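Taking it in order: structure first as structure tokens, then the write-up.
Throughout, read-outs are computed from the coordinates displayed, never taken from laboratory work. Just so we're clear, the structure is a prediction, and the values are computed from it rather than from any experiment. Here Cβ is always computed from backbone atoms with ideal geometry, including for glycine, and neighbour counts include all displayed protein chains.
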4 protein chains.
Amino acid sequence: MKKIEGLIAASFAAYKDNGEINLDIIPEIVENLIADGLAGVFICGTNGEGPNLTIEERMAIAEAYVKAVNKRIIVMVHVGHSSIYEAKKLAAHAQGLGVDAISSVSAFYFKPSSVKALVISMAEIASAAPETPFYYYNIPHLTGISMDMLEFLNLAEELIPSFRGVKYTASTLHEYEACLNHKDGKFDILFGFDEMLLPALAVGAKGAVGSTYTFAAPLYNRIIECFQNNQLKEARDLQMMSIKMVQSLVKFAPIPAQRAIVGFKGINLGPCRLPLLELKASDKELLIEELEKKEFFSTVKDCIKNHSF
Amino acid sequence: MKKIEGLIAASFAAYKDNGEINLDIIPEIVENLIADGLAGVFICGTNGEGPNLTIEERMAIAEAYVKAVNKRIIVMVHVGHSSIYEAKKLAAHAQGLGVDAISSVSAFYFKPSSVKALVISMAEIASAAPETPFYYYNIPHLTGISMDMLEFLNLAEELIPSFRGVKYTASTLHEYEACLNHKDGKFDILFGFDEMLLPALAVGAKGAVGSTYTFAAPLYNRIIECFQNNQLKEARDLQMMSIKMVQSLVKFAPIPAQRAIVGFKGINLGPCRLPLLELKASDKELLIEELEKKEFFSTVKDCIKNHSF
Amino acid sequence: MKKIEGLIAASFAAYKDNGEINLDIIPEIVENLIADGLAGVFICGTNGEGPNLTIEERMAIAEAYVKAVNKRIIVMVHVGHSSIYEAKKLAAHAQGLGVDAISSVSAFYFKPSSVKALVISMAEIASAAPETPFYYYNIPHLTGISMDMLEFLNLAEELIPSFRGVKYTASTLHEYEACLNHKDGKFDILFGFDEMLLPALAVGAKGAVGSTYTFAAPLYNRIIECFQNNQLKEARDLQMMSIKMVQSLVKFAPIPAQRAIVGFKGINLGPCRLPLLELKASDKELLIEELEKKEFFSTVKDCIKNHSF
Amino acid sequence: MKKIEGLIAASFAAYKDNGEINLDIIPEIVENLIADGLAGVFICGTNGEGPNLTIEERMAIAEAYVKAVNKRIIVMVHVGHSSIYEAKKLAAHAQGLGVDAISSVSAFYFKPSSVKALVISMAEIASAAPETPFYYYNIPHLTGISMDMLEFLNLAEELIPSFRGVKYTASTLHEYEACLNHKDGKFDILFGFDEMLLPALAVGAKGAVGSTYTFAAPLYNRIIECFQNNQLKEARDLQMMSIKMVQSLVKFAPIPAQRAIVGFKGINLGPCRLPLLELKASDKELLIEELEKKEFFSTVKDCIKNHSF
């Protein structure tokens, strides 16, 4: 597998009204992502609520996505878990499905005490899927684990045979740029902050994983296109639209708010699972109104028209 | 069940050399705890590495403890998990075993956004074991979730029918004292910082859960006895010994260091499980030497002799 | 100077209506403190808003307190400042006034990078008042500087000739107890969390510095008395009253709320100084009502009656 | 004053061997900055150690810079202080000198409890220099004060007549971009993370303030030039050089390490002032060797040659 280019959607979990996972809707989700120009899908991650799901649910979801995607776009499966033993089960299962890559956050209850402890832990997980490219999922604000990523790359190269790169979800673009350029760009460093895609492109980002790509990929694909065509003014304007949209998400609660947007766009993801709380119906309406007032939805639509491919 | 009095040992996970859990050693662990004067055992918690274990392992360990204890002391089972669905499985299983109580930390990947979200989450877990007393396990420095515990008590009383109290692992004794006295002492608030047992007793603690009670219960039982007999000088001296011992643990890495002490005392808990790293053999020696120099082991032995019961 | 015993009031800054400092009211403040049974006064600290004042204001306040106290109780002057040069001026000035002790927080804009950098910095300040006992003021939650206090004691003993002890404002009573017992109790470790006075007494506290001693000293003196007489039930009840009062302070904003209480008790401290914001008049009323409902004021009064000295 | 374009050097404090400030060297510093192509100088800020200096020292330094610069480049004076009263003195003094702008961090001992408290505090400081443009200096990792900057802009516009913009020292480029675009770009938002200059340019940065511009301005001016000429490859390579240099600074301690570099380049800034500790001589050598090995100095020199102006 060469380096990933383009946008990977961090897709959301879908539930039935009774709270059980909804596998039936996954084909529809996938077709939408493909139609929207996504390069791939990242499943059971943060936005996919991996840590909220049971092992069996995560495996069933992975199976459904692999089948629905049918090799048309990249499938990355997040296998991170507080228990490295459970993570290994998920990794082995994902490899059995023939996914394109697996990814894992650090164990997040007990925090690794050093970069070495972190890399050894990731190596243990990766060892259960030795034929499948492995990406470390770095997301310090959620896990509380903030390690030196260059030190990580050096040690991971040595100790994880299947190591491919990092899903980098942090605003520290100087470290991100350093990772991109480490050993002449040997590793694949995917960027994870949707609202900072444009500046990440400026320092060399090629691939990105994010939740808002699930419902606004045309906006971001147009940012990439404008950046490549040196249409910086339009790229900035569209990035500002993304920022304004994310401001609304943060105001209402990021994951529940995004689930409401996906629902508004026609895909019913069902209720939220605890500890996440569903937005009240009135808040959902306020959110959509706010986004309409910001001309978010119409801008995304315009991006589809303006897109050259 | 009335309020818990005395010491509950937060027992450690035991592994075989190949890294699998060691169930065979549990009867020996239990006999030691009973001989040492423990009032109960808390299993699969932080020191028991619950979040490092698989669901199946946690269930097997709970079964082995219940069988080995055979109702001679209290058995509390920690069922906390990043997934509330998995936690519910553990809760239902524990109730099936007839344990005395269950306890749970907050979901710790996604953090509840409010006391209400936390209580609703705990209620959901408790609902899977409605006949079993439920204790919330408050440990902010590990979970990153620091909520107002008085607000929690008020809401938990309302929303969790089986709610019994809190395992309180924080140094904020003013809040701890407030919880103890809330609604005329209606709830059972177990203290969780071994190195602060004496000051906790001063504000009214009756029960305590801790990892060092696993291997030094006589020391702490003597602190309780001295405190009750108004022998404050001796109580302070013994608490200082606990503090000095904990300083050594922190210096070497708390859980691996304690596992080494248990091993030194004759129970082989096996290797550490990632992301925890085993102490080097030379560090184990240094640790034991340091504790011997501090006269830790001999002091614990003297406490057995001096104990009046 | 031997070790400090009893309560030291961390007195509040007093301002005129135009925002300038009010020196005229200081004699009245001092007489009240002496009448209330305080062992001393700590000025220009956190509650005294030292870091909000100019150097000239701090010097003028120190002079006024020294004069008003006239050696009847202990006077400690806080000289901490973001600039060690300014702190040295304050230290030299305080020594010139013949104060009983000086104290300093760490420089708090640039954070010392190690215990050694911290101790060297404190030594530099203390060197400007070589004849005056020096106390390090440890208050991690405000300064963001959380160092190992035992390491600090060892190095401070070596590098600060006038070093006497620590004003310890943190809830970590195990470290506090370790400091009290360090080198057979060589150092004077004053406790700084009023709402945890009772548990601090249990581990050996003799002296304490706090803001609520300014207006509720009889309550705390009675806690000390009860503790010494082994009347633990009453000590706990009174400590709970302190905790409930502090809960109200926190709800409304600690320093402005306490200033309102002092005003209610008859001493007009004037408006708040930025960045602190004055409570609204309606909030002041709510605060007083809440404290009256909790029977706070009447309990303090009863403590005066019950006090044996 | 229109918006600031180009690089502002956050100049370092200069001391004599006895630790007193060295004013004599300021003309030499200024000539170097002008020769290096700086658009201005920011004095007594973080790198200028404002909070480490006395009020009198800060005033003397401001005077020396204003005289040495003699209106050839922009002079911004940082007046932030833990005491707003002291900050007002500095602000009034700076206005008396005719500086181009003043800037202030939030009070940093007592933290403002809300955006409103912060803005009112800044308004109070700005009111002492009503004719001088005011920039809020946002640097959350040092002050611990992390407020919503858009909310700040709205309120500052209303309450601070001389409000001009923000010196934004944080990696959150989405918020930075939102500030740049707020009210059609009404405010001047200077970027403060040198190692992220290129991505900041991508989102629209025009002006930047930073410490490494003091000794490596040609590198950054060339980044700006390349970015404007769409020579992205070279811009990234040069930004990577900046990142590698900053990695060395962080390894040795940022401010002392930078002072050593300035010394190596021929300007003797004298010893460090506490709580900052001077690098050991051997560490200074290691640092310079490391930077030479990274070809940092030669790259900066090449940038001078390649520069088109």
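Brief remarks follow.
- Distance violations [Cα-Cα > 21 Å] among A:LYS280/B:LYS116; A:LYS183/A:LYS206; B:LYS186/C:LYS301; A:LYS116/D:LYS251; D:LYS3/D:LYS71; A:LYS89/B:LYS280: B:LYS186/C:LYS301; A:LYS89/B:LYS280
- 7 Å along Cα→Cβ, label-point gaps from B:LYS233 to other copies, nm, shortest first: 2.8, 8.2, 8.6
- For the protein assembly as shown, the average shadow cast by the Cα convex hull is 44.9 nm², which is a quarter of the hull's surface.
- Antiparallel beta bridges, as assigned by DSSP with both residues in chain A, represent about 5 percent of the total such bridges.
- Unit charges on C-beta of K, R, D, E only; dipole of segment D:101-188, Debye: 200 debye
- Projected label distance in nm at B:GLU20 and B:LEU150, using a 7 Å step from Cα toward the beta-carbon: 5.2 nm
- The translational diffusion coefficient of segment A:61-168, from Stokes-Einstein at 37 °C and 0.692 mPa s with a Kirkwood hydrodynamic radius over alpha carbon pairs, comes to 239 µm²/s.
- 7 Å along Cα→Cβ, label-point gaps from B:PRO161 to other copies, nm, shortest first: 5.5, 6.8, 7.4
- Distant alpha-carbon pairs in segment A:5-44 (separation over 12 angstrom), percent: 60 percent
- Placing unit charges on each Cβ (+1 for Lys and Arg, -1 for Asp and Glu) gives segment D:168-263 a dipole about its Cα centre, and among D:PHE227, D:ILE255, D:LEU173 the Cα reaching farthest toward its positive end belongs to D:ILE255.
- In segment D:6-306, a dipole from Cβ-located charges (positive for Lys and Arg, negative for Asp and Glu) runs towards its positive end, and of D:ASN52, D:TYR65, D:ILE34 it is D:ILE34 whose Cα lies farthest in that direction.
- Relative contact order (%) - chain B, alpha-carbon pairs under 8 angstrom, separation at least six: 18 percent
- Dipole in debye (nearest 20) - chain C, about Cα centre, beta carbon charges: Lys, Arg +1; Asp, Glu -1: 200 debye
- Among A:GLY204, A:GLY192, A:GLY266, residue whose mean-square fluctuation peaks in a GNM of chain A (springs only between Cα atoms under 10 Å): A:GLY266
- Shown is the FRET efficiency for B:GLU28 and B:ASN229, computed with R0 = 35 Å from the Cβ-Cβ distance and rounded to the nearest 0.05: 0.60.
- Residue among D:ALA62, D:ALA126, D:ALA117 with the largest mean-square fluctuation in a Gaussian network model of chain D, springs linking Cα atoms under 10 Å: D:ALA117
- For segment D:212-302, the Kirkwood estimate of hydrodynamic radius, built from reciprocal distances between every pair of different alpha carbons, is 13.8 Å.
- Panel values: segment A:209-264, Kirkwood radius from alpha carbon pairs, Stokes-Einstein at 25 °C and 0.890 mPa s, translational diffusion coefficient 207 µm²/s.
- Share of pairwise Cα separations in chain A, more than 26 Å, in percent: 43 percent
- Across the identical copies, the 7 Å label point of C:GLY185, projected outward along Cα→Cβ, sits 3.1, 7.0, 7.1 nm from its counterparts, in ascending order.
- Reduced Cα scattering model of segment A:1-143, Debye log10 I(q)/I(0), q = 0.08, 0.15, 0.17 Å⁻¹: -0.20, -0.70, -0.90
- Ranking of C:ARG164, D:ARG72, B:ARG58 by neighbouring Cβ atoms within 10 Å, starting from the fewest: D:ARG72, C:ARG164, B:ARG58.
- Each Lys or Arg adds one and each Asp or Glu takes one away; over the other residues whose Cβ falls under 14 Å from the Cβ of D:ALA68, this sums to -1.
- Sum of side-chain charges, D:ALA117 neighbourhood, beta-carbon under 15 Å (Lys, Arg +1; Asp, Glu -1): -3
- Cα radius of gyration and Dmax for segment A:62-109 (Å): 11.2, 36
- Unit charges at the beta carbon, dipole of segment D:6-306: most positive-side option, D:PHE191, D:ASN22, D:PRO161: D:PHE191
- Charged-residue dipole, Cβ positions (Lys, Arg, Asp, Glu), the protein assembly as shown about Cα centre, Debye nearest 20: 0 debye
- Peptide B:275-284 has a mean shielding of 3, counted as Cβ atoms of other protein chains within 10 Å of each residue's Cβ.
- Descending principal axes extents, segment B:261-309, alpha-carbon based, whole Å: 42, 23, 16
- Rough spin-label spacing in nm, given labels placed 7 Å along Cα→Cβ, for C:ASP237 and B:ALA60: 5.5 nm
- Fluctuation leader among A:SER11, A:SER282, A:SER146 - chain A, Gaussian network, Cα springs under 10 angstrom: A:SER282
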